[in-house]
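No lab work stands behind these numbers, since they all come straight from the coordinates. Predicted model, so just to flag it, every value in this text is computed and none were measured. Cβ placement follows ideal geometry from the backbone for every residue including glycine, while neighbour counts extend to all protein chains displayed.
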Amino acid sequence: MASESQAVSDLTGDVLAWGVPRLRDLPWRHTRDAWAVLVSEVMLQQTQVGRVIPRWYSFLDRFPTPATCAAAPLGDVLREWQGLGYPRRARNLHATAQQVTELGGFPRDLDGLLALPGIGPYTARAVMAFAFELDAAVVDTNIARVYARVAGERLTPKRVQSIADDHCPSGDAWVWNQCLMDLGAVLCRPRDPACGDCPIRKRCGWHGDPERPDPAVGSSGVSGKQAPFEGSDRQARGRLMKALGNGPVGLTAVAAVMQRDDATAERLVTDLVRDGLCCTDGVTICLPT
């Protein structure tokens, strides 16, 4: 849209004025340690803040540095991760810890961070902004929703990142990204947005108008409704991973543990072994050592 640049640039003062005194008191906002920030960001992917807070503390108690995580067996990391779901995140975190340890520290540039296992554009920029306080524009689902609604149109991945990059205030990336993230989480919610309390409602291209389609729906970075957990492959894999945390499971018992038929259980076990999340000797299945 023709006025897009001006509309977004005008947001900065209002967003900061609203957000700074209202920043949510989240524990990872009190550290600039890159490992602690990375652990929080990986845990927060598809997991609610309330569930992450105690697990973030316990994970860092167990693995306070990349070196301690790198030195631990993957199976121990997966046990500590138990209950957070999506265990590939733990596997990638373990692999990143090993690589960072070999490098002697975290890269501070985008390309270097993107080269780490499982680190995508959002997480790389989050480490840059929240650990190193570099000028990096973070685009998570909350921020993408704000930008799409302000623009009044659906945004492609390239477009939303370009807008974010162009309007990230130099020297204030840490607080800007945190405030914008909170605005999306607290006011510019996916459903029932609190438009009347929004500090940028006069500049918004959508205004929560029920007669107009929500431009955030279908925009890049804005998560959609998650598939039901009950009866899903995720649920079945989670049951097995939980059981494996207590020790090996006989292959003949896997289907019962997963509460799935034999063919489904075999397929899911094959996937888990292929992903390096468990091992089998042909008789039992266990976590990696």
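Counting beta carbons within 10 Å around each of T270, T12, T123 and listing the fewest first gives the order T270, T12, T123.
So what does the Cα-only Debye profile of the chain read at q = 0.08, 0.09 Å⁻¹, as log10 I(q)/I(0), no solvent term? Ignoring solvent entirely, the Cα scatterers give -0.40, -0.51. For the stretch 134-289, the convex hull spanned by the alpha carbon atoms encloses 173 Å³ per residue.
In this Cβ point-charge picture (+1 for Lys and Arg, -1 for Asp and Glu), the stretch 233-286 has a dipole of about 220 debye about its Cα centre. Between Q259 and A115, the simple spin-label model (points 7 angstrom out along Cα→Cβ) gives 4.6 nm. With the charge dipole of the chain set up from +1 on Lys and Arg Cβ and -1 on Asp and Glu Cβ about the Cα centre, the Cα lying farthest toward the positive end among the listed residues L134, P66, A253 is that of A253. Of the residues C279, L244, A263, the one whose Cα sits farthest toward the positive end of the charge dipole of the stretch 233-286, with +1 on the Cβ of Lys and Arg and -1 on the Cβ of Asp and Glu, is L244. Is the shape of the stretch 233-286 best called rounded, prolate or oblate, per the rule: a/c under 1.5 gives rounded, else a/b larger than b/c gives prolate, else oblate, with a ≥ b ≥ c the square roots of the Cα gyration tensor eigenvalues? It comes out rounded by the Cα gyration axes. Taking 7 Å steps out from each Cα toward its Cβ at R62 and A243 produces label points 2.1 nm apart. Legend: ranking of residues R145, R191 from fewest to most surrounding C-beta atoms inside 10 Å; resulting order R191, R145. Packing, as the average of other Cβ atoms within 10 Å across residues, places the peptides 261-268, 163-170, 35-42 in the order 35-42, 163-170, 261-268, highest first. In the chain, the longest principal axis of the Cα atoms and the axis of helix 262-274 are about 70 degrees apart. Summary value for the stretch 72-191: 20 percent relative contact order, contacts being C-alpha pairs under 8 angstrom separated by 6+ residues. Rounded to the nearest 10 degrees, the angle from helix 34-44 to the longest Cα principal axis of the chain is 90 degrees. A Förster distance of 45 Å, applied to the separation of the beta-carbon atoms of V273 and K202, puts the FRET efficiency at 0.20.
Placing +1 on each Lys and Arg Cβ and -1 on each Asp and Glu Cβ, with no other charges, gives the stretch 72-198 a dipole about its Cα centre of roughly 580 debye.
Dipole check for the chain: with +1 at the C-beta of Lys and Arg, -1 at the C-beta of Asp and Glu, and the Cα centre as origin, the magnitude is about 540 Debye. Summing charges over all other residues whose Cβ lies under 11 Å from the Cβ of P215, with Lys and Arg as +1 and Asp and Glu as -1, gives +1. On a 0 to 90 degree scale, rounded to 10, what angle separates helix 88-103 from the longest Cα axis of the chain? For 88-103 against the chain, the angle is about 80 degrees.
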